[in-house]
1. What do you reckon, is Thr56 open to solvent by less than 80 Å² (accessible area, probe 1.4 Å) and without any contact (Cβ under 8 Å) to a residue 24 or more places away in the chain?
2. Kindly check whether there is at least one residue in the range 79-100 that is open to solvent by 70 Å² or more (accessible area, probe 1.4 Å), farther than 30 Å from Arg21 by Cβ, in a loop (DSSP other than H, G, I, E, B) and small (Gly, Ala, Ser).
3. Given the criterion closer than 29 Å to Glu26 by Cα and surrounded by fewer than 20 Cβ atoms within 10 Å (Cβ to Cβ), identify the matching residue among Glu173, Glu190.
4. Which count do you get for residues in the range 45-78 that are within 16 Å of the ligand (Cβ to nearest atom), within 15 Å of the chain's Cα centre (by Cα) and not in a loop (DSSP other than H, G, I, E, B)?
5. Name the residues in the range 104-144 that are more than 14 Å from the ligand (Cβ to nearest atom), open to solvent by 40 Å² or more (accessible area, probe 1.4 Å) and without any contact (Cβ under 8 Å) to a residue 60 or more places away in the chain, would you?
6. Of the numbered conditions (1) within 16 Å of the ligand (Cβ to nearest atom); (2) of a type in the set (A, V, I, L, M); (3) surrounded by 20 or more Cβ atoms within 10 Å (Cβ to Cβ), Ile150 fails exactly one; give the number of that condition.
7. Of all residues being in contact with a helix residue (DSSP H, G or I) (Cβ under 7 Å, 6 or more places away or on another chain) and of a type in the set (Lys, Arg) in the range 116-157, which is nearest to Glu42 (Cα to Cα)? Just the residue, please.
8. Cβ-Cβ below 9 Å, separation at least six or inter-chain, first residue in the range 162-177 and under 20 Å from His123 (Cβ atoms) and assigned to a helix (DSSP H, G or I), second polar (S, T, N, Q) and within 16 Å of the ligand (Cβ to nearest atom): which pairs?
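The values are calculated or read from the model by the stated rules, or taken from the named source; none is laboratory data. Quick caveat, the model's predicted, so the values are computed rather than measured. Every residue, glycine among them, receives a Cβ derived from its backbone with ideal geometry; neighbour counts consider all protein chains shown. For accessibility, only protein heavy atoms count, side chains too; no ligands or nucleic acids. Shrake-Rupley method; radii C 1.70, N 1.55, O 1.52, S 1.80 Å.
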Amino acid sequence: MRFLLILLIPVMLFSAWQFARREENENRLALVASEVALRDVEVSCPGFWTRLVEITPNAGWVDFDEHGRPTDKTSLSATTCRGLERVWRRDQRSFTCLIGGGCDQDTVRAVHGIVTLAHESWHLRGFLDEGQTQCYAIQTTERVALRLGIPLADAHLIALRVAADDVHAPASEYHSPRCRPGGAFDLHPETPDWPTG
Ligand SMILES: [Zn+2]
């Protein structure tokens, strides 16, 4: 009995610590998502034990009802959650490799996480069309990066890189020809700046 307890206590402590860390991350990300969605929304990350068996191909998703209305929550994959957590906990300190290339996997995942959070937030705002949602996400990337605590210069760099990559993206439902400066999905067609103005 005593042996079992000795074994069980660390597992329980570990689970409690994991739970607290996850909740902290979810709450931090929900603040950013709510700002983009213009309403209070939740972010859900998989727990430690779920993570071990996660096989989702999606970086994130939002459910819509039969009337095309989004629910109040986005679920993010473990990779997305981890990438974003690294950003706001300041484990991911520099993005200057985006200029010269040769970024490591952690940096690539962090950037992908930021775009995913922006994308799902626009779904939560009520947009269903993937091309339109992704185009708005590209234009909101800098703001999301800033809200996660990334300095302005790096946030701007990330946004420029994401927009540049999108120009070369193959045609798909996520890539609309209307996503360009002055195009139908330009959030600020009155300014020539892209993607942040
Ligand atoms: Zn989507």
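1. Yes; evaluated as a whole, the condition is true for this residue.
2. no
3. Details: Glu190 fails: closer than 29 Å to Glu26 by Cα.
Every option except Glu173 fails the conditions.
4. Number of matching residues: 7.
5. Asp104, Gln105, Asp106, Val108, Arg109, listed by residue number.
6. Against the list (1) within 16 Å of the ligand (Cβ to nearest atom); (2) of a type in the set (A, V, I, L, M); (3) surrounded by 20 or more Cβ atoms within 10 Å (Cβ to Cβ), Ile150 comes up short only on (1).
7. By that ranking, first place goes to Arg125.
8. Val162/Thr141; Ala163/Gln139; Ala163/Thr141; Asp166/Gln134
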